[in-house]
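J.: Shown below is the structure under consideration.
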Amino acid sequence: MSSTATSAPAPLAAAARRSGSTGDRIFAGLCRGAGIFVLILLGAIIVELFIGGLPAFRAFGLGFVWGSNWDPVAEEFGAIVPIYGTIVTSVMALTLAVPVAFGIAYFLTEIAPTPLRRPVGTAIELLAAVPSIIYGMWGFFVIVPVMAQYVQPVIIDSLGEVPLIGVLFAGPPFGTGIFTAALILAIMIIPFIAATMRDVFQTVPPVFKESAYGLGCTRWEVMWNIVIPYTRRSVVGGIMLGLGRALGETLAVTFVIGNANRLSASIFAPGNTIASLVALEFGEAEADSLKLSALLALGFILFVLSFIVLAISRLLLRPRAGQ
Amino acid sequence: MNAAPRKDMAQGLKLANKRKRTDRILLWLALAATAIGLAFLLSIIATLLWRGLEAMSLHVFTDVTRPPGSGGGLLNAIVGSLIQVAIGTAVGTPIGLLVGTYLSEYAGKSKLGGAVRFVSDILLSAPSILIGLFIYQLLVLPFGGFSGFAGSMALAVIVIPIVVRTTEDMLTLIPTALREAAVALGAPKWKMVLLVCYPAVRPGLITGVLLAVARIAGETAPLLFTSLGNLTWSVDLTKAMSSLPVTIYAYAGSPYPDWIALGWTGALLITLGVLTINIFARIVLRQRS
């Protein structure tokens, strides 16, 4: 009885184990294959953009990066104006967004009464979910008129004549331009940075904060002396993540940047970012034209820029998140 | 004898007041920052409702886009968006699910796993316009034209990293005891993953997919170079296909008042859709805990 009970299932069990191991091998192979596919995908994006941009790189050499002339009629393409626009709008957007995002995260983690934390936090996250084209339209129809009628004339009149810094605010009040684009970008990335900062602030062990409160620290002192030093690395990572978003943002910028390919010191002057230039001029670029290649080359440059920023952000955010 | 402590006390009081004042100032600044953030959300929603309801009618859902001045709706754009989002999600989700499973169950601390995780996170935040250019180079130029299929593939590329992130995050939350119980019963690993792990985190996986849908539903830049947009009725995947975001982009930038009004209506529709999916995704996730 016992011998049949043990001997009969033995081959079956072996068969089951074998089929299990075959299934395991197939499933593990599928998963690993999908992982490798993602690596290939990123590689393919880089390679395709580079190959597409090659004719432009060949025609202008490294001068493509520094050239300030973007003249489709003369077939002369230089990338410095959109590169400048991309970096300036993104950095200005960060400068505007970080204090506000920090304030929101401070409010959500230390100040707000518990019943308020979730609804307000959700509202901020919803703000992050609004598609960028909506920000662009809203900016174009709501912010641009305000800028043109009230903000820019006042600033131009008061600061435009001041020596040295006056050039920053020179020019007519179009409403659109570098500053407006930076403002819309800032509004877009505030919820991203705020949500990351909130999540990061919540990783501080309560006992640290309780000890500080026990010593009589105020809320701000706990924030400044305990929470920030503990989370500094991840906070910078979150800010870099916001910067990565701002660099590649297309539609929100396209609506309000003003589409001009000139270098200008004034922050109210119209300009272009890499993404907005590609979106605006792509429709007029024929297949196999030098212009199309120049746009793809711009895409490659944007990829390199955002890759560096995002990679730094990941390296800063990762270790803490894993703890 | 008495003067020194009193002086100390006065100084202490001054310091305490200063600290309290700093705290209060920062409190108000934080409140102001939050108010600003919420004001933007309210302003966007108010503007969308105010401008979007102007041209809202049943017509929007029953008629296709027409030249300016001759009425028309958004039917082809809505259907085109639905088709491309559906295909993009259907293609991207299984790949993302497998990659997330690989990272959580098989990769461990291996170099390949680290690389896949890193690359997937880069893709998650990579500018979507570049994905559009990439698909243009890969699927539009060689095959002789813009197509709904290319648009769907661009969206699929965006879906993958979103699903990877939620899948990995969710699977790593599963208690070891649950896995051990499955293995102790003699289940092979693939059965453990498919029949124990996935069901245990189903709400989380669904949330990931919903968030991915919400994200690609509003994507414009990758579609500009792939499915291009189409002002006539077309559900042919090999031809240029209309989509809501690209139509909004074209309409909002046009000089015609009726197109602009219709653009706002489309913007309202898409924002309501995206926000509803987001809230729904949160509810799904919360039901679990």
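J.: Report the full-extension gain for the segment residue A:208 to residue A:304: residue separation times 0.36 nm, less the Cα-Cα distance, to one decimal in nm. Numbers along the way, then the final one.
T.: Details: separation 96, 0.36 × 96 = 34.56 nm, distance 3.99 nm.
That pair, residue A:208 and residue A:304, stretches by 30.6 nm at full extension.
J.: Let me ask something additional. For segment B:51-112, take the convex hull of the Cα atoms, compute a quarter of its surface area, and give me that in nm², please.
T.: Numbers: hull surface 29.8 nm².
Approximately 7.5 nm², given one-decimal rounding.
J.: Here is a follow-up. For the charge dipole of chain B, defined by +1 on Lys and Arg C-beta atoms and -1 on Asp and Glu C-beta atoms about the Cα centroid, which residue among B:141, B:131, B:240 has the Cα displaced farthest towards the positive pole?
T.: Of the listed residues, the answer is B:131.
J.: What residues in segment A:37-70 lose 30 Å² or more of accessible surface when the other protein chains are added to their chain alone (1.4 Å probe)?
T.: Output list: A:37, A:38, A:39, A:41, A:42, A:45, A:48, A:49.
J.: Give me the percent of accessible area attributable to carbon and sulfur for segment B:1-128, probe 1.4 angstrom.
T.: Of all accessible area on segment B:1-128, carbon and sulfur atoms account for 71 percent.
J.: Using protein heavy atoms only (no ligands, DNA or RNA), what is the total accessible area buried between A and B, 1.4 Å probe, nearest 100 Å²? Don't jump to the answer; show the numbers that get you there.
T.: Numbers: alone 17570 and 16630 Å², together 27150 Å².
Between A and B, the summed buried area is about 7100 Å².
J.: Loop-only trypsin sites (Lys or Arg not before Pro) in segment B:93-152, please: DSSP not H, G, I, E or B, and at most 10 other Cβ atoms within 10 Å. Walk me through the intermediate numbers first.
T.: Working: sites: B:109, B:111, B:117; in loops: B:109.
Here the trypsin sites (Lys or Arg not before Pro) that fit, given the DSSP loop and packing criteria, are B:109.
J.: How much accessible area per residue does chain B have, counting only protein heavy atoms and a probe of 1.4 Å, in square angstrom? Intermediate values should be presented prior to the final figure.
T.: On the way: 13090 Å² over 289 residues.
Here the residues of chain B average 45 Å² of exposed surface.
J.: Oh, and also: At a Cα cut-off below 15 Å, give the aspartates and glutamates reachable from residue B:189, other chains included and same-chain residues fewer than 8 away excluded.
T.: Partners found: A:24, B:105, B:180.
J.: Follow-up. Please name the residues of segment B:5-29 whose accessible area, counted over protein heavy atoms with a 1.4 angstrom probe, falls by no less than 30 Å² between the chain alone and the full protein assembly.
T.: With the partner chains in place, segment B:5-29 has these residues losing at least 30 Å²: B:19, B:23, B:26, B:27.
J.: Could you work out which residue, out of A:109, A:231, A:122, moves most in a Gaussian network model of chain A, that is, has the largest mean-square fluctuation with Cα springs under 10 Å?
T.: Sorting by GNM fluctuation, first place goes to A:122.
J.: May I ask you to rank B:9, A:223 by accessible area, largest first, using a 1.4 Å probe over the protein chains only?
T.: Working: B:9 140, A:223 0 Å².
Descending accessible area places them as B:9, A:223.
J.: When each pair of different Cα atoms in chain A is counted once in the 1/r mean, what is the Kirkwood radius in angstroms, to one decimal?
T.: Details: mean 1/r = 0.0430 Å⁻¹.
Final number for the Kirkwood radius of chain A is 23.2 Å.
J.: How many nm separate the modelled label positions at residue A:312 and residue A:232, each set 7 Å beyond the Cα in the direction of the Cβ?
T.: 1.6
J.: Sequence gap at least 6, Cα distance under 8 Å: using those rules, report the relative contact order of chain B to the nearest whole percent.
T.: Details: 379 pairs, mean separation 72.4, N = 289.
For chain B, the relative contact order is 25 percent.
J.: Whole-Hz ³J(HN,Hα) for each residue in segment A:72-85, computed from phi via Karplus 6.51 cos²θ - 1.76 cosθ + 1.60 with θ = phi - 60°, x for glycine and proline: what do you get?
T.: x, 5, 7, 6, 10, 10, x, 9, 5, 5, x, 5, 4, x
J.: Along Cα→Cβ, 7 Å out, is where each label goes; now give me the distance between the ones at residue B:169 and residue B:232 in nm to one decimal.
T.: My value for the distance between the label points is 4.5 nm.
J.: Taking R0 as 45 Å, what's the FRET efficiency between residue B:194 and residue A:117 from their Cβ-Cβ distance, rounded to 0.05? Before the final figure, lay out each step's value.
T.: Numbers: r = 37 Å, r/R0 = 0.82.
Using R0 = 45 Å, I get an efficiency of 0.75.
J.: Please report the relative contact order for segment A:107-210, taking Cα pairs under 8 Å with a sequence separation of at least 6, and give it as a percent rounded to a whole number. Intermediate values should be presented prior to the final figure.
T.: Details: 59 pairs, mean separation 37.6, N = 104.
Here the relative contact order equals 36 percent.
J.: Now, a different point. Amide H to amide H, which residues 5 or more places from residue A:260 or on other chains are under 5 Å from it, using H placed in the peptide plane?
T.: For residue A:260, the qualifying residues are A:271, A:272.
J.: Dipole magnitude of chain B about its Cα centre, charges +1 at Lys/Arg Cβ and -1 at Asp/Glu Cβ only, in debye to the nearest 20? Intermediate values should be presented prior to the final figure.
T.: Values: 23 positive and 12 negative charges, 331 e Å.
Rounded to the nearest 20 debye, it is 1580 debye.
J.: Which far-off residues, 5 or more places away or on another chain, put their amide H under 5 Å from the one on residue A:70, with H placed in the peptide plane?
T.: A:78
J.: Enumerate the amide H contacts of residue B:242 below 5 Å, restricted to partners 5 or more residues apart or on another chain; note that Pro and chain-start residues carry no placed amide H.
T.: When sequence neighbours closer than 5 places are left aside, the close amide H contacts are B:230, B:234.
J.: Given labels modelled 7 Å from the Cα in the Cβ direction, how far is it in nm from residue B:17 to residue B:279?
T.: 4.9
J.: For chain A, what does the helix formula give at 222 nm: sum of -39500 (n - 2.57) over DSSP H segments with n ≥ 4, over the residue count, nearest 500 deg cm²/dmol? Please list the in-between numbers first.
T.: Working: 14 runs with 225 residues, N = 323.
Theoretical 222 nm ellipticity from helices: -23000 deg cm²/dmol.
J.: Okay, moving on. Round to a whole angstrom and tell me the spacing of the C-alpha centers of segment B:47-113 and segment A:277-299.
T.: Measuring centre to centre over Cα atoms gives 26 Å.
J.: Same structure, new question: Using the Karplus equation 6.51 cos²θ - 1.76 cosθ + 1.60 (θ = phi - 60°), what ³J(HN,Hα) coupling, rounded to whole Hz, does each residue of segment B:213-226 give in order, writing x for Gly and Pro?
T.: Running phi through 6.51 cos²θ - 1.76 cosθ + 1.60 with θ = phi - 60° gives 4, 4, 5, 6, 4, x, 5, 10, 3, x, 7, 4, 9, 10 Hz.
J.: Let me ask something else. Relative contact order, percent, of segment B:168-262 when contacts are C-alpha pairs under 8 Å separated by at least 6 residues? All intermediate terms of the calculation are to be shown ahead of the outcome.
T.: Values: 61 pairs, mean separation 15.8, N = 95.
For segment B:168-262, the relative contact order is 17 percent.
J.: Separate question: Express in Å², to the nearest 10, the accessible area of residue B:280 obtained by rolling a 1.4 Å probe over the protein heavy atoms while all chains stay in place.
T.: Near enough 110 Å² of accessible area.
J.: Also, quick follow-up: How big is the charge dipole of the protein assembly as shown about its Cα centre, in debye rounded to the nearest 20, if each Lys and Arg gets +1 on its Cβ and each Asp and Glu gets -1 on its Cβ?
T.: Numbers: 41 positive and 29 negative charges, 569 e Å.
Using only the charged Cβ atoms, the result is roughly 2740 debye.
J.: Once fully extended, how much extra length lies between residue A:141 and residue A:225, figured as 0.36 nm per residue of separation less the alpha-carbon to alpha-carbon distance? Spell out each step's value before the answer.
T.: Values: separation 84, 0.36 × 84 = 30.24 nm, distance 4.28 nm.
Difference between extended and current length: 26.0 nm.
J.: Something else about it: Could you check how much of the accessible area of segment B:140-289 is carbon and sulfur, as a whole percent, using a 1.4 Å probe? Could the numbers behind the result be given before it?
T.: Details: 4280 of 6020 Å².
Accessible surface attributable to carbon and sulfur in segment B:140-289 totals 71 percent.
J.: For n ≥ 4 DSSP H runs only, could you compute -39500 (n - 2.57) per run for chain B, divide by its residues and tell me the 222 nm figure to the nearest 500? Intermediate results must be reported in sequence, preceding the final value.
T.: Numbers: 11 runs with 199 residues, N = 289.
Result for chain B, helices only: -23500 deg cm²/dmol.
J.: Placing one identical point scatterer on every Cα of the protein assembly as shown and ignoring solvent, what is log10 I(q)/I(0) from the Debye formula at q = 0.05, 0.08, 0.11 Å⁻¹?
T.: Listed by q, the Debye log ratios stand at -0.26, -0.63, -1.12.
J.: Take residue A:71, project a point 7 Å from its Cα along the Cβ direction, then tell me which residues of segment A:233-272 have their backbone nitrogen under 18 Å from it.
T.: A:260-264
J.: With every protein chain left in place, what is the accessible area per residue of chain A in square angstrom, probe 1.4 Å? Can you show the working numbers first?
T.: Working: 14060 Å² over 323 residues.
Heavy-atom SASA per residue in chain A reads 44 Å².
The values are calculated or read from the model by the stated rules, or taken from the named source; none is laboratory data. Fair warning: this is a prediction, and the values are worked out from it, not measured in the lab. Counting neighbours? That spans all protein chains shown, and the Cβs are built from the backbone with ideal geometry, glycine included. Each accessible area value is taken on the protein alone, full model and side chains, heavy atoms only, with ligands, DNA and RNA left out. Shrake-Rupley method; radii C 1.70, N 1.55, O 1.52, S 1.80 Å.
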